[in-house]
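Below is one structure, written out as C-alpha cells, with a few remarks after it.
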Amino acid sequence: MASEGAQLPDIAGAMIESTTAADWLVVAPVALPLLAGALLVMLRRQLAMQAWVANIVLFANLIACGALVWRVAVEGPLAMTMGRWLPPFGISFAADLTGVILTATAALVALACGIYATSDIDGTRNRYGFYPFFLLMIAGVNGAFLTGDVFNLYVWFEVLLIASFGLIVLGSEPAQLDGALKYAFLNLVATTLFLIATGYVYGTFGTLNMADLTRKIIEAPDNAPVTTIAALYLMAFAMKAAAFPLNFWLPASYHTPRIVVSAVFAGLLTKVGVYALLRIVVMLFAGERGQFAEWIAWIASATMILGVMGALAQNDIRRLIAFLVISGIGAMLAGAALAGPHALPGAIVYAAHSMIVMAGLFLAAGVVGKRAGTFDLRALGGFYAASPWFAACFLIFCFSVAGLPPLSGFWPKVMLVKGALLPGAWWLAAAILVSALLTSMAAIRVWLFAFWRGGPEGTRDGAEAWKIEPYSGSGRLASGASIAILLVATVLLGVFPETLIRLSGEAAAGLTSPQGYVDAVFGGPQ
C-alpha cells in the first residue's frame, strides 16, 4: 500500500479528455447489432417481434455504415479509443476506406438476408434464437472490419464464429451436425494459429495496436521472428478464407443449413479472412508479404482453378455455388499476392462484388429449391416458362459471377488481369481468365438445367413442362425484395463503377502506405 504522503503519478497526458458525438459513428456498426441481439434475447418469447426488430436495426446499421463511408471518404481514416486511454494503451477502433467499404457492403447483404429470413426461418428456428445469432454474427463481422487492435481482431473472429456455429446447427438435422463439425474443426485450427501468432507479436513488439505495429515491425531487430509470425498469420487467414489446399470444409458445410444462412455465410464469412490477410499481411508485414508473394500467387491460382472445377462437377446447386465462392477467394488472393496499384484495388472491388453476388445466388437458389422441392439439377427444369422475370434475374447473377459486362464482376477481373500483366505474371493472368471462363460455364449450366430446358431428366426430350406451384403471400414478397436489393446492387456497381474503383484505389494506397491510418489512431502526424 502506498504511504499517505506518496505523490500519485500524473496520467492526464495519457488520457483522452473528450469524445465528440460524431466519433461514435465509428463503433455504431458494431454497437447497433450487438445491442439489438441482446434485446432480442430478452424478448425471446415475443416471436412476432424478432424479425421486425432485427430488420429495423439492420436498416439503421446500413444507414450508419453509409454515413461512415461518406465521412471517411471526405475526412480520411477515423479512430476512436475505448476507456479514455490514448493509443496504444487503449483499445482502438479504426475506420479506413478498406474497412468501411467492406462494412457497408456487409450491411447491405445483411439487410437483404434479414428480409429473406422472414420467408425462410420457421417458428422453431425463430424460437431457438436465429435472429440473436444473426445479429451477433453481423456485429462480429463489423468488429473485425473496424478494429484497430490485433487481439481484438481475434476476439471479433471468435464472436462471429460462435454465432455462426449456432446458425449452422439450428434445426439439428444430421447433415447440419456433420457440416458443423467440419466447419468448426478447421476454423478452430485456424483460430489457434491466429492466437499463437498474436502471442508472438506481443512477446516480440510489446503492443497489439495495428498503428503502433506499423512502426515497430519496420524497426524490429534482425533476430526478431518477423517472418515466422507473418507465415503463421498467412496460414491462419488462408484457412479461414477457404484457400487451397484447406478449403474442403466450405463445400462440406455451407449447403447444410437454411438457405439464408448459407447466403450470409457465402457473402460475408470468407471475406473476413481475406480482409484480415490484407490488413495484417499486406499492411503490417509488407516486407514479408513480398517474400511470400510467389507462394500466395500459386495458392491463388490453385484456389481459382480447382474451385471452379469442383463447381462444374456438382449437381446440387448449393454445393456448386459454394465451390464458386472458393474460386472467388483465389481471385482476391491474387490481388494480395501482386499488391500493385491495379491488383490490390481489384481485390477490394472483387470482395465487395463477391459479397453481393454470392449471397444473391444463394437466395435465388433458395427460391428454386422452395418451389421445386429439390436443389438437384437433374430433377429441375421448366422454370423459365413458370417465371420469365425470375429466370432473367437468375441469369443476371450468373453473368455477374462469371465477370461479364456490364455487371459488377467484370471490373475487378479486368483490374486483376491488368495488375498481373504489368509485372509480367502472365500465368496468373491466364489463371484468372481461365477461371472466369469455367465460372461462366458452371453458372450458365445451372440456368440451362433449371430454367431453359422444358423439364427434368426422364421426361421426353425435356418437352414435358414440369408443373411448378408458385408460393405466394408475404414469403414471396420478402424473397423477391431481398433478391431485388442485391440484383440492383450488382447492376449499379457494374454500370457505374467509378466511385467504388476510386475509393478502392485510395483504400489500397492506405494499406501500402498506412501513414494516414497511423496519424488517425494517434490523433495527429507521427
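The values are calculated or read from the model by the stated rules, or taken from the named source; none is laboratory data. Everything quoted here is computed from the prediction, not taken from an experiment. Note that we place each Cβ from the backbone using ideal geometry, even for glycine, and neighbour counts take in every protein chain shown.
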Within the set of pairs 6+ apart or on separate chains, which have a first residue in the range 64-88 that is under 21 Å from A508 (Cβ atoms) and touching a residue at least 40 places away in the same chain (Cβ under 8 Å), a second that is outside any helix (DSSP H, G or I) and polar (S, T, N, Q), and C-beta atoms under 9 Å apart?
A79/S92
Which of the residues belonging to the range 491-509 are within 25 Å of T81 (Cβ to Cβ) and surrounded by fewer than 21 Cβ atoms within 10 Å (Cβ to Cβ)?
E506, A509
Would you say I162 is among the hydrophobic types (A, V, I, L, M, F, W, C), under 24 Å from G99 (Cβ atoms), in contact (Cβ under 8 Å) with a residue 24 or more places away in the chain and surrounded by fewer than 21 Cβ atoms within 10 Å (Cβ to Cβ)?
yes
So in the range 286-315, with the set limited to residues that are farther than 20 Å from V434 by Cα and crowded, with 17+ Cβ neighbours inside 10 Å, which one is modelled with the highest pLDDT?
F292
With the condition kept exactly as written, say whether any residue in the range 75-91 is crowded, with 20+ Cβ neighbours inside 10 Å and in a helix (DSSP H, G or I).
no
Only one of these conditions is not met by L324: (1) in a helix (DSSP H, G or I); (2) under 25 Å from T147 (Cα atoms); (3) not polar (S, T, N, Q). Which number is it?
(2)
Any residue that is free of Cβ contacts under 8 Å to residues at least 60 places away in the same chain and farther than 19 Å from A106 by Cα - is there at least one of those in the range 276-285?
yes
Taking the residues in the range 140-159 that are surrounded by 24 or more Cβ atoms within 10 Å (Cβ to Cβ) and in contact with a Gly (Cβ under 8 Å, 6 or more places away or on another chain) as candidates, determine which candidate is nearest to T191 (Cα to Cα).
F157
From (1) at pLDDT 90 or above; (2) under 15 Å from A322 (Cβ atoms), pick out the condition that doesn't hold for Y275.
(2)
Could you please give the count of residues in the range 248-266 that are in contact with a helix residue (DSSP H, G or I) (Cβ under 7 Å, 6 or more places away or on another chain) and not in a helix (DSSP H, G or I)?
5
Selection from the range 366-390 of residues in contact (Cβ under 8 Å) with a residue 60 or more places away in the chain, farther than 17 Å from M441 by Cα, part of a helix (DSSP H, G or I) and not charged (D, E, K, R) yields G366, V367, V368, G369, A372, A379, F383, Y384, A385, A386
Looking at the range 229-278, which of its residues are among the basic types (K, R) and either surrounded by fewer than 24 Cβ atoms within 10 Å (Cβ to Cβ) or over 17 Å from V141 (Cβ atoms) (or both)?
R258
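Just to verify a result, which residue in the range 474-490, among those that are in contact with a Gly (Cβ under 9 Å, 6 or more places away or on another chain) and among the hydrophobic types (A, V, I, L, M, F, W, C), is surrounded by the fewest Cβ atoms within 10 Å (Cβ to Cβ)? First the steps, then the outcome.
Just the residues of the range 474-490 that are in contact with a Gly (Cβ under 9 Å, 6 or more places away or on another chain), to begin with: 479, 482-483, 485-487, 489-490.
From what's left, among the hydrophobic types (A, V, I, L, M, F, W, C): 483, 485-487, 489.
Numbers: I483: 24, I485: 20, L486: 30, L487: 24, A489: 23.
It comes out as I485.
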